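*Asks:* What follows is a structure written as structure tokens; I'll ask about it next.
The values are calculated or read from the model by the stated rules, or taken from the named source; none is laboratory data. Since we're looking at a predicted model, the values are computed, not measured. FYI the Cβ positions are ideal-geometry reconstructions off the backbone, even for glycines, and counts take in every protein chain you see. Just so you know, the surface numbers come from the protein's heavy atoms only, side chains and all, with ligands and any DNA or RNA stripped out. Shrake-Rupley method; radii C 1.70, N 1.55, O 1.52, S 1.80 Å.
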Amino acid sequence: MLDPVLGLQTATLHDGIGRLEALARDATRTDAQRHDAAKGLYDRMAGELRTAAKSARAWVKAEAAAAGDDMQAVLRTDPGKASIYSEIRAHAASRKNDPDWPAELANLTKTNVDVAVAISSAPGFLSGISEERQRDLSVSAMQAFAPEAAERLLVADRVSAEADRMEHGIEGLRPAFYSQGIADQMGTRVQIDAPFATGPIVNAVE
């Protein structure tokens, strides 16, 4: 659902930033150590955010498909009403030049399911309207007759947008977390705790 998925992303981001701020004040580390630790922190945080974004998109895909099916179901034709649908479309086409008709038709498609089905189930020209106008009326009808499914689609769209925003923002945070050049200085660190050599000394002066 929306809250768990986006809540995980938000909590992870806030926690990561909080740790970064604490790391900047860590007097037990050198500058290179702080940047190296920040790189590890960033990589962990970015990985979890990308995983959350992937989960969000999977949820969006399933939720949008289910909601879309529910919305389309309300406009499913009834074979026994074929003649009624035909008469409705003929009436609509006969009034296409009436300046009051667009608003009236828009209201009818949101309040009368037979009108909504008739308009949406056949090419727009049979009702005297364009294909774009037919799509708009069909969407309005689905929102009117299946409001819960329509709201689920809107929520899915918001989740998808938030997942994209969060994932795209990850790369932008990288330079704020650490400097690769400074972190690379950790490669010059001497491992003083390594075991001492016990073999013969190579190139020793005799």
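*Asks:* I'd like the full set of residues that are under 18 Å from V74 (Cβ atoms) and open to solvent by 60 Å² or more (accessible area, probe 1.4 Å), limited to the stretch 100-111.
*Replies:* Answer for the stretch 100-111, where residues must be under 18 Å from V74 (Cβ atoms) and open to solvent by 60 Å² or more (accessible area, probe 1.4 Å): N107, K110, T111.
*Asks:* Please determine whether any residue of the stretch 141-162 is open to solvent by less than 60 Å² (accessible area, probe 1.4 Å), at pLDDT below 80 and assigned to a helix (DSSP H, G or I).
*Replies:* no
*Asks:* Take R133 and tell me if it is touching a Gly at 6+ places or on another chain (Cβ under 8 Å), at pLDDT 80 or above and either surrounded by fewer than 15 Cβ atoms within 10 Å (Cβ to Cβ) or assigned to a helix (DSSP H, G or I) (or both).
*Replies:* Here the answer is yes, as R133 does meet what is asked.
*Asks:* Applying the selection to the stretch 98-113, what residues are of a type in the set (A, V, I, L, M, F, W, C) and either out of contact with any helix residue (DSSP H, G or I) (no Cβ under 8 Å at 6 or more places or on another chain) or assigned to a loop (DSSP other than H, G, I, E, B) (or both)?
*Replies:* A103
*Asks:* Among the residues of the stretch 42-91, write down those that are basic (K, R), more than 30 Å from E171 (Cα to Cα) and open to solvent by 60 Å² or more (accessible area, probe 1.4 Å).
*Replies:* Scanning the stretch 42-91 gives R76, K81.
*Asks:* Among the numbered criteria (1) assigned to a helix (DSSP H, G or I); (2) over 30 Å from M166 (Cα atoms), which single criterion is violated by A53?
*Replies:* (2)
*Asks:* Can you name the condition, by its number, that I192 falls short on among (1) open to solvent by 100 Å² or more (accessible area, probe 1.4 Å); (2) within 27 Å of S55 (Cα to Cα); (3) modelled with pLDDT under 80?
*Replies:* Condition (2) is where I192 drops out.
*Asks:* Taking the stretch 29-41, which residues are charged (D, E, K, R) and open to solvent by less than 40 Å² (accessible area, probe 1.4 Å)?
*Replies:* none
*Asks:* Turning to a different aspect of this structure: Give me the pairs, please: first residue somewhere in the stretch 111-123 and within 14 Å of M142 (Cβ to Cβ), second residue anywhere and open to solvent by 30 Å² or more (accessible area, probe 1.4 Å) and among the aromatic types (F, W, Y), beta-carbon distance under 7 Å, and either six or more positions apart or on two chains.
*Replies:* Cβ pairs passing all conditions: V113/F145; A116/F145.
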